[in-house]
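Scroll down for the structure; my scribbles are underneath it.
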Amino acid sequence: MRVLITGASGVLGSAVREAFKATDNQVLALSNTRTGDGLVPLDLKNAEEVEKVFTEFKPNWVIHCAAERRPDVAEKNPEGTEKLNVNVPGHLASLAKSLKFTLVYISTDYVFDGTSPPYTPSAKTNPLQLYGRTKRDGEQAVLSVNGANVIVLRVPVLYGPAPRNSDSAVNILLDVVQDQSGKKYKMDHYATRYPTNVVDIANFLVRLSNFKKPAIIPPILHYSAAEPFTKYEMCLVFAKILNLPHEHIVPDSEAPQGDSATTRPRDCQLYTKETEDLGVEGGLGLTLFEEWWEEYLRK
């Protein structure tokens, strides 16, 4: 099978690339920001170049990981964010129709407002911030192309192997825990998150691509770990594993006020039973958070 991955240098994209490379697949890994290590540079906003690369490679599956995923950056550049998170996926869906490949569009739990979890795939979306709105609009863009074979895969906050801790909103908490300089950190203890391992998602996508009954795959799937943590609680896990004091990290349990209220939904838990019930071999194949980090940090 020929698999094309966008955003292949990111935390999720890297894991997806490794998972498909480990099986008998021909992989084309695209990246806009990083080069080397077999990455092919491509500006996804250049529709003509995108069409050329896709037509030449003739993919069977395209895993679209590329996005502006940082809510703060999205707010500062709404036009650029809309181009990448809405226009680009819409264009890829039209190519999916004409070139007859399956497009997997990676979306987010932030398409929901966090007021009434857990959320089923058919639950009403109500994103609170620009990032969530553009991802929701991206979903609508890909699903509105009649005749395109599209799967929207919503995932929560991600962690896993990363070149830099700052590449993940979870991994970066390691830096906070390890900063024993005396600096104080106020840490969110209000919003419940469901940190999910990118390696688990990548392996699930490989199994999904080999699924013998593709016709029964619904247009929207949810994939999420089940363990709830606030960011503060994640810090406590890291402090325990690293055997470090954590008095410099102060829990913030207050509901966010003003502008920050739009960036922190309370609980966007994704209901995954419909994904589990598909019968994909190996099921969701979820890793336990503390167990994975213990092993990873020992390496």
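The values are calculated or read from the model by the stated rules, or taken from the named source; none is laboratory data. Computed from a predicted model, the values in this text were never measured in an experiment. Methodologically, a virtual Cβ is constructed for each residue, glycine included, from the backbone with ideal geometry; neighbour enumeration extends over all protein chains shown. Heads up: the accessible areas ignore ligands, DNA and RNA and are worked out on the full protein's heavy atoms, side chains in. Shrake-Rupley method; radii C 1.70, N 1.55, O 1.52, S 1.80 Å.
Leaving ligands, DNA and RNA out of it, report the carbon-plus-sulfur percent of the accessible area of segment 7-155 at a 1.4 Å probe.
Solvent-exposed carbon and sulfur of segment 7-155 make up 47 percent of the total.
Cα to Cα, under 14 Å, and not fewer than 8 places away if on the same chain: which aspartates and glutamates meet these conditions relative to LYS299?
Candidates past the 8-residue exclusion: GLU291.
Just report the Cα centroid separation between segment 27-77 and segment 274-299, whole Å.
Between the Cα centre of segment 27-77 and that of segment 274-299, the gap is 27 Å.
Quick one: of the DSSP bridges fully inside the chain, what percent are antiparallel, nearest 5? Please list the in-between numbers first.
Details: 2 of 34 bridges.
Counting only bridges with both partners in the chain, antiparallel ones make up about 5 percent.
Would you compute, from DSSP H runs of 4+ residues alone, the mean residue ellipticity of the chain at 222 nm, taking -39500 (n - 2.57) per run and dividing by the full residue count, rounded to the nearest 500?
Details: 11 runs with 104 residues, N = 299.
Rounded to the nearest 500, the figure is -10000 deg cm²/dmol.
Run the numbers on segment 155-227 and let me know its relative contact order in percent, using alpha-carbon pairs under 8 Å that are six or more apart. Kindly include the intermediate steps, with their values, before the conclusion.
Numbers: 56 pairs, mean separation 29.1, N = 73.
Once normalised by length, the contact order is 40 percent.
In whole percent, what relative contact order does the chain give with Cα contacts below 8 Å and a gap of six or more residues?
Values: 578 pairs, mean separation 58.1, N = 299.
Normalised by residue count, the contact order of the chain is 19 percent.
Taking the Cα centre of the chain as origin and charging only Cβ (+1 Lys, Arg; -1 Asp, Glu), how large is the dipole, in debye to the nearest 20? Before the final figure, lay out each step's value.
Numbers: 33 positive and 37 negative charges, 116 e Å.
Its charge dipole is roughly 560 debye.
Counting only heavy atoms of protein chains, what accessible area per residue, in Å², does the chain have with a probe of 1.4 Å? It would help to have the intermediate numbers written out before the result.
Numbers: 14020 Å² over 299 residues.
With all protein chains present, the chain gives 47 Å² per residue.
Based on Cα coordinates alone, diagonalise the gyration tensor for segment 105-174, multiply each eigenvalue by 5, take square roots, and list the semi-axes in whole Å, largest first.
Working: eigenvalues 122, 53, 23 Å².
Working through the eigenvalues yields semi-axes of 25, 16, 11 Å.
Between LYS76 and SER98, how high is the FRET efficiency from 1/(1 + (r/R0)^6) when r is the Cβ-Cβ distance and R₀ = 25 Å? Nearest 0.05.
0.10
What number, in percent, do you get for the relative contact order of segment 178-299 if the mean sequence gap of Cα pairs under 8 Å and at least 6 apart is divided by its residue count? Let's see the in-between values first.
Details: 131 pairs, mean separation 53.2, N = 122.
Averaging sequence separation for qualifying contacts and normalising by length gives 44 percent for segment 178-299.
Quick one: plug the Kirkwood hydrodynamic radius of segment 158-293 (C-alpha pairs) into Stokes-Einstein at 37 °C, 0.692 mPa s, and report D in µm²/s.
Details: Rh = 16.7 Å.
Answer from the Stokes-Einstein relation: 196 µm²/s.
Mind jotting down the three principal axis lengths of segment 1-143 based on Cα atoms? Whole angstrom, largest first.
Computed over segment 1-143, the largest-to-smallest principal extents equal 43, 31, 28 Å.
Within the set LYS45/LYS76; LYS83/LYS124; LYS213/LYS273, which residue pairs have Cα atoms separated by over 21 Å? Walk me through the numbers on the way to the answer.
Working: LYS45/LYS76 19 Å; LYS83/LYS124 24 Å; LYS213/LYS273 18 Å.
From the list (LYS45/LYS76; LYS83/LYS124; LYS213/LYS273), the Cα-Cα distance tops 21 Å for LYS83/LYS124.
Starting from the Cα of LEU244, step 7 Å along the direction of its Cβ; do the same at GLU56; then give the gap between the two resulting points in nm.
4.5
Treat the chain as a sphere of radius equal to its Kirkwood radius over Cα pairs and apply Stokes-Einstein at 37 °C in a medium of 0.692 mPa s; give the translational diffusion coefficient in µm²/s, rounded to a whole number.
Translational diffusion coefficient: 166 µm²/s.
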